[in-house]
Amino acid sequence: AQRVTQPEKLLSVFKGAPVELKCNYSYSGSPELFWYVQYSRQRLQLLLRHISRESIKGFTADLNKGETSFHLKKPFAQEEDSAMYYCALFNQAGTALIFGKGTTLSVSS
Amino acid sequence: DAGVTQSPTHLIKTRGQHVTLRCSPISGHKSVSWYQQVLGQGPQFIFQYYEKEERGRGNFPDRFSARQFPNYSSELNVNALLLGDSALYLCASSLAGTDFSPLHFGNGTRLTVT
C-alpha cells in the first residue's frame, strides 16, 4: 500500500536552529515525492519536488530509498518558516497525491 | 496570473441537503482534482478529471460526484449530506492528467453540515 507518514505533529524550534521535518513513505518502485507548505491563511503551495533537487527558501530534501525517507531540512530556521508542512507522493497511476497528516513547524525568537 | 479559484469560500448546509462546489483551474491546465481535508489530517483524494473524463477516484461513497466542463472548470457535487462531510474541500489543477506534474491548489471551500 502507498502511504506517507509524518511522525511529528508539532515541531518547535528557536530562530537560527536547524530544522528537520521527517517523512517516511511506503511505495513500490520509484516514488514522485513532494513537500507542500501552508502558511497561515494561505493556500497549500508546492515547496519542493524531489526530482528537481532544488533548494527553495533554504529548504532541501533528499530522497533516501534505503530508508524510504524524504526528510525536509533547513540549516537555520526563520520565524517566517512557521507553517504547516505536508509530505506527499503520487500514486502509481500519477492521478492522485497521497498526503501525510502534516507537521506544524513553530519557530520562535 | 490568477491561481486556482474556488467558490463559494464558505457554505453551511443541513444534513440531507445537496451541495455543489465550483473550481476554475489555472489557465492552460487541463486537469482538475478534488481533495477533502478534515481538521488534523492531510488532504484526501476524491477525484481527478482530465479532458472531461474521470481519471481517478478515491475511496468516497457514490454520494460524491464531479464533472469537468469544456473550459476545464469543474464541479464537485455531494448528495445527502452527512455531518461527517464537514471539511475543507480543495481543488487543484495541473497541466495534464498522468504526467506526475505538481498540483496547484485553490484556497478551498469550507463546508459545514449541521
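If you wrap the tightest convex hull around every Cα atom of segment B:1-44 and split its volume per residue, you get 116 Å³.
Coordinate range of the alpha-carbon atoms in the protein assembly as shown per principal axis, descending: 49, 37, 36 Å. Spin-label model, B:His18 to A:Tyr39: label points 7 Å out along the Cα-to-beta-carbon direction sit 4.1 nm apart. Apply the Kirkwood formula to segment A:14-62: the hydrodynamic radius equals the inverse of the mean of 1/r over all pairs of different alpha-carbon atoms; give it in Å with one decimal. This gives a value of 12.7 Å. Cross-link pairs exceeding 32 Å in C-alpha to C-alpha distance, out of A:Lys74/B:Lys52; A:Lys101/B:Lys52; A:Lys9/A:Lys57, comprise A:Lys74/B:Lys52. Relative to its residue count, segment A:44-86 spans a Cα convex hull of 85 Å³ per residue. In the elastic network of chain A, a GNM with C-alpha springs shorter than 10 Å, the most mobile of A:Glu67, A:Glu32, A:Glu79 is A:Glu67.
In the full protein context, chain B carries 47 Å² of accessible surface per residue, based on a 1.4 Å probe and ignoring ligands, DNA and RNA.
Using the Cβ of B:Asn107 as centre and a radius below 14 Å, the other residues enclosed give a net charge of +4, where K and R count +1 and D and E count -1. Working value for chain B: equivalent-ellipsoid semi-axes of 23, 14, 13 Å, each the square root of 5 times a Cα gyration tensor eigenvalue, largest first. The share of alpha-carbon pairs in chain A lying farther apart than 17 Å comes to 50%. If you find the alpha carbon centre of segment B:1-42 and of segment B:66-114, how far apart are they in angstrom? Distance between centres, Cα-based: 4 Å. Annotation for A:Leu46 and A:Gln78: the two label points, set 7 Å from Cα along the Cα-Cβ direction, are 2.2 nm apart. Using the Stokes-Einstein relation with a Kirkwood hydrodynamic radius computed over Cα pairs, the translational diffusion coefficient of segment B:53-114 at 10 °C and a viscosity of 1.306 mPa s comes to 119 µm²/s.
The values are calculated or read from the model by the stated rules, or taken from the named source; none is laboratory data. Worth saying up front: this structure is predicted, and the values here are computed from it rather than measured. Cβ sites come from the backbone with ideal geometry, for glycine too, and all protein chains shown count toward neighbours. Remember, those area values only see protein heavy atoms, side chains included, never the ligands or the DNA or RNA. Shrake-Rupley method; radii C 1.70, N 1.55, O 1.52, S 1.80 Å.
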